[in-house]
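Only one structure is covered here, and it is reproduced in the block below.
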Amino acid sequence: MAHCRIYTNQDLAEHQSITLSDDLGHYLRHVMRLHEGDAVTLFNGQGGEYQASIDQLSKQLSSCYTEQFHDISRELSLPIHIVQCANKSEKIESVLQKATELGAASFQIANSQRTALKLTGLKLEKRLQRWQRIIIEAAEQSERTYIPTLHWRNRLSDVQCLGQSFALHPHQAKPWTKVRDALSKASAITFAIGPEGGWSHEDLSVLQSTGFQTLSFGSRIMRTETAAPALLAATQGLLG
């Protein structure tokens, strides 16, 4: 049986009973087919994880009992942040899932000149909730102990430049081979991935004015949903 990891946004401590949501209780009963007394792992995204067991598991109430804290980290040696231009929802979801599994520290989903999602109010709230669930599920599956943060940027000029920052661009950009040494010495890295069709001149001007450099990652053109996972994997290889 696969071991079950459970994320909760509650404060955790050893020897504590944690009440689970109805949805999570249903998942443990009907999807994972677990029973009272079965071992699980709990984490709240603040570092480390707890060995726990299922205390109660019924339609009326589901809870776990924390037993021992393990101060463990499976994070990258430095934070890597992803700026992903808005595009079709399923492509954003793919980026969030794969990049979380590969260790991304945060996501900024941003509108650009060529792609603008009109997300406001309740529609934005629901979309962010869905994206957050995808991040959490990927963190559970990949045994991460932190949850990447998620931010919506209505304009590209609102994007935050964190550490050494690069906008992926196939032409007139620094090649990957020229920045590898600098990346290995950075305190943080941000990669910005353009929309389908690429950055406009105006997009690049905005990014460069906030501190981004252009970066070429080989001679081939990647799909927008491929770029972030590829950059994360390559950078992870550099960092060891």
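Scanning segment 61-98 for residues that are closer than 22 Å to Ala116 by Cβ and hydrophobic (A, V, I, L, M, F, W, C) turns up Ile82, Val83, Cys85, Ala86, Ile92, Val95, Leu96.
Residue check: Cys64 meets all listed conditions (1) crowded, with 20+ Cβ neighbours inside 10 Å; (2) not assigned by TED's automatic domain parsing to the domain that holds Gly163; (3) not in a strand (DSSP E or B) but one, namely (3).
Restricting to segment 50-61, and then to whatever is hydroxyl-bearing (Ser, Thr, Tyr) and surrounded by fewer than 18 Cβ atoms within 10 Å (Cβ to Cβ), can you tell me which residue is modelled with the lowest pLDDT? Reasoning before the result, please.
As a first pass, look at segment 50-61 and keep what is hydroxyl-bearing (Ser, Thr, Tyr): 50, 53, 58.
Applying the additional criterion that residues be surrounded by fewer than 18 Cβ atoms within 10 Å (Cβ to Cβ) yields 53, 58.
On the way: Ser53: 95, Ser58: 89.
Out of the qualifying residues, it is Ser58.
Scanning segment 1-23 for residues that are surrounded by fewer than 16 Cβ atoms within 10 Å (Cβ to Cβ) and outside any loop (DSSP other than H, G, I, E, B) returns Ser17, Thr19, Asp22, Asp23.
For segment 30-41, the tally of residues that are under 21 Å from Glu67 (Cα atoms) and over 26 Å from the mean Cα position of the chain (by Cα) stands at 6.
Ile136 meets each of the listed conditions (1) in contact with a strand residue (DSSP E or B) (Cβ under 9 Å, 6 or more places away or on another chain); (2) farther than 24 Å from Asn9 by Cβ apart from (2).
Reported count of residues in segment 67-97, each being assigned to a strand (DSSP E or B) and either hydrophobic (A, V, I, L, M, F, W, C) or over 27 Å from Arg33 (Cβ atoms) (or both), is 7. If you go through segment 146-165 and pick out every residue that is in contact with an Asp or Glu (Cβ under 8 Å, 6 or more places away or on another chain) and modelled with pLDDT under 95, you end up with 1. Condition test on Leu162, is it under 23 Å from Asn87 (Cα atoms), out of contact with any helix residue (DSSP H, G or I) (no Cβ under 9 Å at 6 or more places or on another chain), in the same structural domain as Ser216 (by TED's automatic domain parsing) and without any contact (Cβ under 8 Å) to a residue 40 or more places away in the chain? So Leu162 fails the test. Note on segment 146-155: residues that are more than 11 Å from Ala105 (Cα to Cα) and surrounded by 17 or more Cβ atoms within 10 Å (Cβ to Cβ) amount to 2. Among the residues of segment 186-204, just one is at pLDDT 95 or above and either of a type in the set (S, T, N, Q) or not assigned by TED's automatic domain parsing to the domain that holds Ser112 (or both), namely Thr190. Does Trp131 meet the test of being closer than 14 Å to Gln84 by Cβ and either touching a residue at least 40 places away in the same chain (Cβ under 8 Å) or in a strand (DSSP E or B) (or both)? So Trp131 does not fit the description; no.
The values are calculated or read from the model by the stated rules, or taken from the named source; none is laboratory data. Just so it is clear, the structure is predicted and the values come from calculations on it, not from any experiment. No Cβ is skipped: glycine too gets one built from the backbone with ideal geometry, and neighbour counts run over all protein chains shown.
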